[in-house]
Amino acid sequence: MTSATAVRGPGGKTGGPPGRPERRPGRRPVDHGAWFLVLPALLPILVLSVGPLLYGIALAFTDAQSGRTRSTQWIGALNFRDLAQDTLFWESFRIGLLWAVGVTVPQFVLALGLALLLNQNLRFRWAARALAIIPWAMPEVVVGIMWRLVYHPDAGVLNETLRGLGLGGGHAWLTGLATALPAVIVVGVWAGMPQTTVALLAGLQNTPRELHEAAALDGAGAWRRFRAVTWPALKPVALAVTALNFIWNFNAFALVYVLTSGGPGGRTRLPMLFAYEEAFRYGQFGYAAAMGCVMVAVISVLLALYLVGRLRGGEDR
């Protein structure tokens with residue numbers, strides 16, 4: 001029997017074969033070729049997202065206004081100082097928070113119920129799933145026009161139904177001071193529920209059926225199985241989709257603009273609508289950019305809180 005002779009290096013340590021350098025732990029060599037693979041996806045993000053964001057931040061520190069002959073001057077934080085005293089903007093900020101919460105919470109509750117229903121072994125389940133995502137396939141402008149017809153005070157489907165039931169009619173849903181925001185929230189919930197349903201349904205289908213069967217054998221009812229099995233498995237998806245929905249709803253523009261254009265009396269003027277009016281109706285580009293910076297800061301804080309919560313949740317597990 002032959003034996004391989006070990007090569008001993010300094011200090012008596014056994015090394016590899018002669019002539020091969022000893023591998024030492026350290027930094028991996030940088031693969032510069034990988035950057036060329038990432039670059040095609042990175043360039044559109046830099047050009048279409050990061051670039052305009054940086055330009056908007058810089059614009060917020062100027063007095064930029066509409067007009068070809070106007071020169072733009074650097075004014076520092078003056079726009080932010082004026083914004084801190086602008087009660088109309090902070091009122092729109094409050095309305096934006098009411099809108100975001102009022103849409104996100106019912107949207108999640110209804111989508112969860114629909115996802116639980118569509119996860120059951122029902123007849124024609126494929127058709128129900130297809131119908132459930134129809135609002136998702138419709139552009140927001142089309143959704144807004146359709147719901148304006150539904151809410152029409154004279155010939156709208158809603159008022160006609162109320163008249164047929166003997167409950168009155170002729171309500172000005174989108175122009176009434178008390179009904180405009182709730183009516184718009186209903187549309188927001190209807191339009192945004194499909195993507196939430198799809199995300200929650202995907203989470204439900206990833207839950208092992210063996211856990212439900214074991215809980216059922218132990219005598220657990222439907223509610224107990226949901227609380228002990230379904231919800232723990234669905235919680236990460238639910239938190240992610242709720243956080244994203246809140247951010248998307250807070251930044252909403254097209255749907256509310258088509259429905260009410262921020263009226264009546266500013267009751268549905270969300271922060272994005274306020275910034276749009278300042279920029280394109282009154283020509284105050286610098287001031288509108290300062291509003292955008294405030295909204296970006298708020299969204300960044302919300303994202304940071306969400307990420308911190310997810311990281312702590314991962315550590316707890």
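The values are calculated or read from the model by the stated rules, or taken from the named source; none is laboratory data. Predicted model, so just to flag it, every value in this text is computed and none were measured. Ideal geometry is used to build each Cβ from the backbone, glycine not excepted, and the neighbour counts take in all protein chains shown. These accessible areas exclude ligands, DNA and RNA; they are computed on the full protein's heavy atoms, side chains included. Shrake-Rupley method; radii C 1.70, N 1.55, O 1.52, S 1.80 Å.
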Being of a type outside the set (A, V, I, L, M, F, W, C) and touching a Leu at 6+ places or on another chain (Cβ under 7 Å), is that true of even one residue in region 163-174? yes
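Every residue in region 66-99 that is among the basic types (Lys, Arg) and not in a helix (DSSP H, G or I), please. Talk me through it step by step, then tell me what you get.
Step one: filter region 66-99 for residues among the basic types (Lys, Arg), giving 68, 70, 81, 94.
Across region 66-99, the qualifying residues are ARG68, ARG70.
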Could you check GLN195 against (1) open to solvent by 30 Å² or more (accessible area, probe 1.4 Å); (2) within 30 Å of LEU311 (Cβ to Cβ); (3) modelled with pLDDT under 85 and say which number it fails? (3)
Which listed residue, of PHE89, PHE61, is aromatic (Phe, Trp, Tyr), closer than 30 Å to ARG267 by Cβ and surrounded by 12 or more Cβ atoms within 10 Å (Cβ to Cβ): PHE89
Taking the options ALA58, ALA34, ALA64, name whichever one is over 30 Å from ALA238 (Cα atoms) and in contact with a helix residue (DSSP H, G or I) (Cβ under 7 Å, 6 or more places away or on another chain). ALA64
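Condition (residue is more than 22 Å from the chain's Cα centre (by Cα), of a type in the set (Ser, Thr, Tyr) and at pLDDT 90 or above) applied to region 219-230: is it met by at least one residue? Reasoning before the result, please.
Let us first name the residues in region 219-230 that are more than 22 Å from the chain's Cα centre (by Cα), namely 219-230.
Narrowing further to those that are of a type in the set (Ser, Thr, Tyr): 230.
From what's left, at pLDDT 90 or above: none.
No; the residues of region 219-230 include none that is more than 22 Å from the chain's Cα centre (by Cα), of a type in the set (Ser, Thr, Tyr) and at pLDDT 90 or above.
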Go through region 116-165 and tell me which helices (runs of 4 or more DSSP H), entirely inside it, have 3 or more residues that are out of contact with any Asp or Glu (no Cβ under 6 Å at 6 or more places or on another chain) and in contact (Cβ under 8 Å) with a residue 60 or more places away in the chain. 140-150
Where a residue in region 247-258 is closer than 13 Å to VAL298 by Cα and its partner, wherever it lies, is open to solvent by 30 Å² or more (accessible area, probe 1.4 Å) and part of a helix (DSSP H, G or I), with Cβ under 7 Å and at least six apart: ILE247/LEU302; ASN251/MET272
Given the criteria over 30 Å from GLN205 (Cβ atoms) and either open to solvent by 80 Å² or more (accessible area, probe 1.4 Å) or of a type outside the set (Val, Ile, Thr) (or both), does LEU149 qualify? yes
